[in-house]
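Chemist: If you scroll down you'll find the structure; I have some questions about it.
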Amino acid sequence: MDAKIRDPQQIIALFNRNVALEHGAIYQYLQHAYAIGEIGVGAEIINIARAEMRHMKYFAGIITELGGVVTLERPAVELRAANLHEMMVLGAAAEDEAIESYTAQLDLIDHPGALRVLERVILDEELHKEQWGEFDAEVAELAYQASYPSPGPVQDPALAALLNGAFEEAYNEVLVYLRHYFQSSDWEAKDFLFENSVWKMRQMGLMADKLHELGADPSFPWRPVPIEGALSDRIAQAIAIEQASVKRYQQLSGCPVPHEVRSILKNALGQSVYQQKQMELLRDLNTREGFAEPGYVPIQEAIAPPAAAPRPAYTVGSLIDQPAP
């Protein structure tokens with residue numbers, strides 16, 4: 001009996017679980033990388049987290065293609081690690097879980113696009129598992145040690161709380177922007193929205209570095225918000241995010257903080273002002289008369305050459321048929 005899964009809703013459910021696995025892995029890897037700091041292994045772990053972000057994008061593409069909504073949930077994740085070795089073990093275990101789950105889906109699903117994505121992601125997860133083993137061998141030779149949670153004490157609790165508050169907001173703003181990006185069919189809007197998420201992630205990294213210097217760990221509370229509505233509704237929500245972000249960084253900039261932290265806040269404020277203006281521009285572009293969010297365009301129409309432009313008239317009189325000097 002053929003038990004292959006062809007129902008779009010079942011595939012959407014499976015792939016939303018895959019997105020959740022990737023989200024959990026990103027959370028785990030970033031938290032451990034931030035606890036380790038800027039030594040080589042920490043940077044390598046962040047590179048793996050970036051690859052997991054791409055996997056989320058691949059899975060989300062299948063979900064939206066099938067008419068689903070990307071939920072971007074985050075499962076419970078084991079983070080506690082007494083030392084670097086335990087962090088590496090947890091990283092390898094996360095890859096094992098992903099490989100086992102995705103490999104099982106290869107035998108369950110009957111959808112060419114979904115199968116291609118699974119095969120592609122499994123290749124990365126197998127490489128990542130090997131890398132975690134290499135990292136484990138590398139950290140065994142280090143005199144440096146790290147753990148999660150960081151042992152403390154926190155050098156400046158008030159400053160750490162200020163940075164963590166901004167970090168939490170940036171993290172949740174990234175999630176909103178990613179969900180907007182996944183669900184939009186307007187490629188111009190997708191570019192705007194993804195750019196916003198990239199800058200928020202950059203802010204997270206800068207703040208996490210300062211928290212590490214203070215002996216504190218960044219806080220990742222997940223606060224999902226609904227994103228239903230048309231493109232115009234999603235743009236309005238993005239503008240509201242940046243308006244709140246501008247107000248927040250204006251307030252934080254007035255706090256007594258070290259120069260290097262003030263520089264980070266100034267940069268974040270400037271980025272939020274810019275992103276707000278960008279989203280307002282996108283709103284104006286998409287509310288002009290006659291605009292409709294584009295859907296599917298047949299390839300023949302997409303590649304049709306434009307009509308030839310009219311030949312410009314000469315402005316100083318034609319030289320045709322004039323006698324030679």
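Chemist: Using 0.36 nm per residue of separation minus the Cα-Cα distance, give me the extension gain between ARG6 and ASN83 in nm, one decimal.
Modeler: Between ARG6 and ASN83, full extension yields 23.2 nm more.
Chemist: For the range 244-291, which chymotrypsin sites (Phe, Trp or Tyr not before Pro) pass both filters: DSSP loop (anything but H, G, I, E, B) and at most 15 other C-beta atoms within 10 Å?
Modeler: Passing both the DSSP loop test and the Cβ count: PHE291.
Chemist: Now a separate question. Among GLY133, LEU159, VAL89, whose Cα lies farthest out toward the positive end of the dipole of the range 21-171, if unit charges sit on the beta carbon of Lys, Arg (+1) and Asp, Glu (-1)?
Modeler: The listed residue farthest towards the positive side: LEU159.
Chemist: Determine the gain in length on full extension of the stretch ASP233-LYS57; use 0.36 nm per residue of separation and subtract their C-alpha separation, reporting nm with one decimal.
Modeler: The ASP233-LYS57 span can extend by a further 61.2 nm.
Chemist: Right, next: Pull out the extension gain between LYS190 and CYS255, defined as 0.36 nm times the separation in residues minus the alpha carbon to alpha carbon distance; nm, one decimal.
Modeler: 19.9 nm
Chemist: Can you sort TRP222, TRP132 from fewest to most other Cβ atoms within 10 Å of each residue's own Cβ?
Modeler: In order of increasing Cβ crowding within 10 Å: TRP222, TRP132.
Chemist: Which longest run of the chain has no exposed loop site in it, a site being GluC sites (Glu not before Pro) in a DSSP loop with at most 16 other beta carbons within 10 Å, and the site itself not part of the run?
Modeler: 142-227
Chemist: Hey, what's the per residue convex hull volume over the C-alpha atoms of the range 152-290, in cubic angstrom?
Modeler: Cα-based convex hull of the range 152-290, divided per residue, equals 93 Å³.
Chemist: Dipole size in debye (nearest 20) for the chain around its Cα centre, Lys and Arg Cβ +1, Asp and Glu Cβ -1?
Modeler: Its charge dipole is roughly 1260 debye.
Chemist: Which residues in the range 186-225 place their backbone N less than 20 Å from a point set 7 Å from the Cα of ILE39 along the Cα-to-Cβ direction?
Modeler: Those under the cut-off are 208-218.
Chemist: Among LEU118, ILE241, ILE99, pick out the residue whose Cα is farthest towards the positive end of the charge dipole of the chain, where Lys and Arg carry +1 and Asp and Glu carry -1 on C-beta, about the Cα centre.
Modeler: Working it through, the farthest residue towards the positive pole turns out to be ILE241.
Chemist: Now for a separate question. What is the Å³ per residue value for the convex hull set by the Cα atoms of the chain?
Modeler: 248
Chemist: Further question: So if I take the centroid of the Cα atoms in the range 19-91 and the same for the range 108-144, what is the distance between those two points in Å?
Modeler: Their Cα centres are 11 Å away from one another.
Chemist: In the structure displayed, which of LYS57/LYS266; LYS129/LYS266; LYS57/LYS129 lie more than 29 Å apart, Cα to Cα?
Modeler: Violating the 29 Å limit, Cα to Cα: LYS57/LYS266; LYS129/LYS266.
Chemist: Sorting MET88, MET201 on the 10 Å Cβ count, fewest up front, what's the list?
Modeler: MET201, MET88
Chemist: Can you pull out the trypsin sites (Lys or Arg not before Pro) in the range 1-74 whose DSSP state is coil and whose Cβ has at most 11 other Cβ atoms within 10 Å?
Modeler: Sites meeting the loop and neighbour criteria: LYS4, ARG6.
Chemist: Roughly what angle does helix 157-183 make with the longest principal axis of the chain, taking Cα atoms, 0 to 90 degrees, to the nearest 10?
Modeler: Orientation of helix 157-183: about 50 degrees from the principal axis.
Read-outs throughout are calculated quantities, based only on the coordinates presented, and are distinct from any laboratory measurement. Quantities reported herein were computed from a predicted structural model and do not represent experimental measurements. Backbone-built Cβ (ideal geometry, glycine too); neighbour counts: all protein chains shown.
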